[in-house]
Amino acid sequence: MKRVKLAPLMIALVAFTHYQLVIAQDTTPPNWQVIAEYPHPSHAFTQGLNYVNGELVETTGKHGLSRVLRYAPGELPSGSVATLPKQYFGEGSVVIGDQLLWLSWQRGQAFWIDLNTGNRRNAFRYDHEGWGLALSPDQSEIVVSDGSDSLRIWNHQGELQRTISVRQGVYSWHYLNELEWVGNTIFAFVWMNEKLLAINANSGEVMQSYDLAGLRDIQGEQQRITRHHTLNGIAFDPEDGHFFVTGKNWSTLYKLKLEGWE
């Protein structure tokens, strides 16, 4: 039997396969850009981020550590505006006038916080987990996430108005977390993922997605972060059309230019 020399053929196949892998890699440039960097309180387990009248209003989580922080970009908060009792795990929030509406995670209780006095009062109850919150541009509606692939639309009393199922083609996006609502677009971080989604507020269709793994890498050069230090905090600046973005216990707050969502 004649023996066939396979080595040259195998080398050729390996080279061809490597070539295929190289050209198959996504070489599309990022559709986001870092515009500025600011200090961020690294003790803050960020759950909600708002930007109102030149100030950031942030809500944090964890039992016994849930608090409201208020500070200007470039500064650090000197203290807490308000806190939650230790049985509550703070989550997302929205600012309506001088009041902050603040969710708790698994207790089904929302709170109103007076941003001038820090006084806290019960707002209403809900029968699902509370994750992210965002206010509609006309401030008439509130969108809330619960970690599923659906977004609920509430009025200010927490009464359900409608539900949006978030889809990208046939794919459902689960674990929707921190939110921001700009125009007809709802932005949503995906928990334990570096993705930020731009969602049509009417249809629920994902119109654009942003892979922010590179931003996490940038942050990782400044401090040691683990998989639990997820991206979670987004707030729109209407003055320049850019977005404040940070993560849980990150030491840096970024301002990003996001392309292709308008």
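The values are calculated or read from the model by the stated rules, or taken from the named source; none is laboratory data. Because the structure is predicted, anything quoted here is derived from the model rather than measured. Cβ sites come from the backbone with ideal geometry, for glycine too, and all protein chains shown count toward neighbours.
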Quiz item: Within the set of pairs 6+ apart or on separate chains, which have a first residue in the range 226-244 that is over 12 Å from residue 182 (Cβ atoms), a second that is of a type in the set (Val, Ile, Thr), and C-beta atoms under 6 Å apart?
Solution: 232/46; 233/46; 233/246
Practice problem: Can you give me the ranges of the strands (runs of 3 or more DSSP E) entirely in the range 65-156 with at least 2 residues that are among the β-branched types (Val, Ile, Thr) and crowded, with 18+ Cβ neighbours inside 10 Å? | Solution: 90-96, 142-145
Quiz item: Looking at (1) among the β-branched types (Val, Ile, Thr); (2) touching a residue at least 60 places away in the same chain (Cβ under 8 Å); (3) within 23 Å of residue 59 (Cα to Cα), can you tell me which one residue 186 breaks?
Solution: (2)
Quiz prompt | Among residues of the range 162-186, those that are surrounded by 13 or more Cβ atoms within 10 Å (Cβ to Cβ) and under 27 Å from residue 241 (Cβ atoms), counted | solution = 15
Quiz prompt | Tabulated pairs, the range 67-79, first free of Cβ contacts under 8 Å to residues at least 40 places away in the same chain, second surrounded by fewer than 11 Cβ atoms within 10 Å (Cβ to Cβ), C-beta under 8 angstrom, 6+ apart or interchain | solution = 71/78; 72/54
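Matching residues to (1) among the hydrophobic types (A, V, I, L, M, F, W, C); (2) within 12 Å of the chain's Cα centre (by Cα):
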residue	(1), (2)
179	yes, yes
186	yes, yes
191	yes, yes
226	no, no
232	no, yes
236	yes, yes
243	yes, yes
246	no, yes
259	no, no
Quiz item: Among (1) within 23 Å of residue 262 (Cβ to Cβ); (2) in contact with a strand residue (DSSP E or B) (Cβ under 8 Å, 6 or more places away or on another chain); (3) of a type in the set (Gly, Ala, Ser), which single condition is residue 140 missing?
Solution: (2)
Exercise. Considering (1) part of a loop (DSSP other than H, G, I, E, B); (2) charged (D, E, K, R); (3) free of Cβ contacts under 8 Å to residues at least 60 places away in the same chain, say which one residue 217 fails and leave the rest.
Key: (1)
Quiz prompt | Verdict on residue 193 being in a loop (DSSP other than H, G, I, E, B) and either surrounded by 14 or more Cβ atoms within 10 Å (Cβ to Cβ) or of a type in the set (Gly, Ala, Ser) (or both) | solution = yes
Exercise. Residue by residue through the range 33-52, note down the ones that are closer than 12 Å to residue 247 by Cα and either surrounded by 22 or more Cβ atoms within 10 Å (Cβ to Cβ) or touching a Lys or Arg at 6+ places or on another chain (Cβ under 8 Å) (or both).
Key: 40, 44, 45, 46, 47, 48, 49
Self-check item: Verdict on residue 210 being closer than 23 Å to residue 243 by Cα, surrounded by fewer than 19 Cβ atoms within 10 Å (Cβ to Cβ), of a type in the set (Phe, Trp, Tyr) and at pLDDT 95 or above
Solution: no
Practice problem: Could you grab me the full set of residues in the range 53-64 that are assigned to a strand (DSSP E or B) and either out of contact with any Lys or Arg (no Cβ under 9 Å at 6 or more places or on another chain) or of a type in the set (S, T, N, Q) (or both)? | Solution: 59, 60
